[in-house]
Amino acid sequence: MDSSYTSTGHSSSNGGRVEFPGRTCFCGCTVRMFTSRTSQNPGRRFLRCPKLHLSTFSYLLGEKCDFFEWVDQHMCDRAGTIIPGLLVRLNQLEDHNRIVEVEKNRLSEENRLLYDCVVQLQVTNNALRYKLKLVLICAICCLLAFVWFM
Ligand SMILES: [Zn+2]
């Protein structure tokens, strides 16, 4: 087992649980491939048993398997210094993207409410225009009647 694996632990891998056909582990399961997201081994793929994260109770019953194997070779020092920074930047951008998405949804809802208000105001406006026309017609009729009888 590689010493860098021990320092990174299992919990820092992503959930890319891709089966790796043709490879079995100590317990006979088909191993799965994951991608490390640790700063020590960013992007480095590895194989492990699907039973690795079973409970302590399962471990005591012998149902846990510690199979682990790197797929990719250890990266050069230059890549090892650049990639962690890129991963941090990627995580920041993903966080920012989530914030923008929430704001977009809030603005969409606000836009929908404003559109409903505009529609309601147009209905009110049309009703008031109709009443104004009636008032003008009545006023003109009264004026004509006044002129007629003078
Ligand atoms: Zn196993």
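I need a count of the residues in segment 2-44 that are charged (D, E, K, R), modelled with pLDDT under 75 and within 16 Å of the ligand (Cβ to nearest atom).
Total satisfying the criteria: 1.
Starting from residues that are under 28 Å from the mean Cα position of the chain (by Cα) and β-branched (Val, Ile, Thr), keep the ones in segment 45-86 and report whichever is modelled with the highest pLDDT.
Filtering first and then ranking leaves ILE82.
Output the qualifying pairs, or none if there are none: Cβ atoms under 6 angstrom, residues six or more apart or on different chains, first residue in segment 80-107 and within 13 Å of SER39 (Cα to Cα), second residue among the polar types (S, T, N, Q).
PRO84/SER39
The values are calculated or read from the model by the stated rules, or taken from the named source; none is laboratory data. Because the structure is a prediction, the values reported are computed rather than measured. Please note: Cβ atoms are built from the backbone with ideal geometry, for glycine as well, and neighbour counts cover all protein chains shown.
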